[in-house]
Amino acid sequence: MAPANARAVAFLDSYPAWTAPAAALYGPRASGKSHLAAVWAQSAGARILEAADLQGNIPDGPLVVENIAAGVAEAPLFALLERGAPLLLTAQVPPSEWPQAFHLSLPDLVSRVRALLAFPLWAPDDALLMGLAVKLFADRQLAVPESVVAHMIRSLERSPEAIRDFVARADAAALVAKRPINTSLINELLAGPVL
């Protein structure tokens, strides 16, 4: 795991003893922001909302707001940051760039987003994706050769979500066909549905 990603995970794992009431995860698409946010939301009992859906009625308690982007409603975002309840935000750019990138104009909101505790996330490397795939197969009590897992990783979108979905498909296809998960099955799944 990249050091920055490890810092984000360590911070999320420290809940409820967070050093700040609000934090942001930022990075490119498929860097694991939504995955980490969902894991934290489950452990914290937090609701998950899309930033585009922010309205004046802000729920109580811990909250995840995904995909802060251009057009975000400033008044509800400011209210979220003011309420003091645990809040995790996700975006593709760091909060320090939100005022200019998203045309934020409320001075108090600008100062608060620039002061947010923020963690960059980067696209996972081969070692992280391999580790994730091996763990997902092991969780399903499947022993899949490392060479097969490596072939799968090279052929898929480089995201935890894509790996998780493909492992589930491979497991289901292997059960239906009563055959092991091998390179042949992986190639068939990559080419189209197998059942």
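Under a point-charge model restricted to the Cβ atoms of Lys and Arg (+1) and Asp and Glu (-1), what is the dipole moment magnitude of the stretch 147-195 relative to its Cα centre, in debye to the nearest 20? Numbers along the way, then the final one.
On the way: 6 positive and 5 negative charges, 27 e Å.
Computed about the Cα centre, the dipole is about 120 debye.
For the stretch 28-40, 3J(HN,Hα) computed residue by residue from phi via the Karplus equation (6.51, -1.76, 1.60; θ = phi - 60°) reads x, 3, 6, 8, x, 4, 5, 5, 5, 4, 5, 5, 5 Hz, glycine and proline entered as x.
Between Ala24 and Leu89, Leu117, Ala118, Phe119, the built amide H atoms are under 5 Å apart, and every one of these is 5 or more places off in sequence or on another chain. Comparing Cα centroids, the stretch 23-52 and the stretch 110-188 end up 19 angstrom apart. Where [x] 18.2; [y] 12.2; [z] 9.2 are the candidate values, the label of the one calculated here for mean projected area of the Cα convex hull in nm² is [y].
When only Cα pairs below 8 angstrom with a gap of at least 6 residues are kept, the stretch 1-141 shows a relative contact order of 34 percent.
Measuring r between the beta carbons of Ala10 and Ala127 and using R0 = 22 Å, the FRET efficiency lands at 0.75. Only protein atoms count toward the accessible area here, which uses a 1.4 Å probe; on the stretch 1-140, the carbon and sulfur part of that area reaches 56 percent. Positive-end ranking of Ala173, Pro160, Ser147 along the dipole of the stretch 124-186, with charges on Cβ about the Cα centre, is headed by Ala173. Using a Gaussian network model of the chain in which every pair of alpha carbons under 10 angstrom is joined by a spring, one finds that among Pro180, Pro107, Pro99 the greatest mean-square fluctuation is at Pro107. Shape call for the stretch 105-195 from the C-alpha gyration tensor, a ≥ b ≥ c root eigenvalues: rounded (a/c under 1.5), prolate (a/b greater than b/c) or oblate? Since a/c reaches 1.5 and a/b is larger than b/c, the shape of the stretch 105-195 is classed as prolate.
The values are calculated or read from the model by the stated rules, or taken from the named source; none is laboratory data. Keep in mind that this is a model prediction, so the values were computed, not measured. Cβ sites come from the backbone with ideal geometry, for glycine too, and all protein chains shown count toward neighbours. Each accessible area value is taken on the protein alone, full model and side chains, heavy atoms only, with ligands, DNA and RNA left out. Shrake-Rupley method; radii C 1.70, N 1.55, O 1.52, S 1.80 Å.
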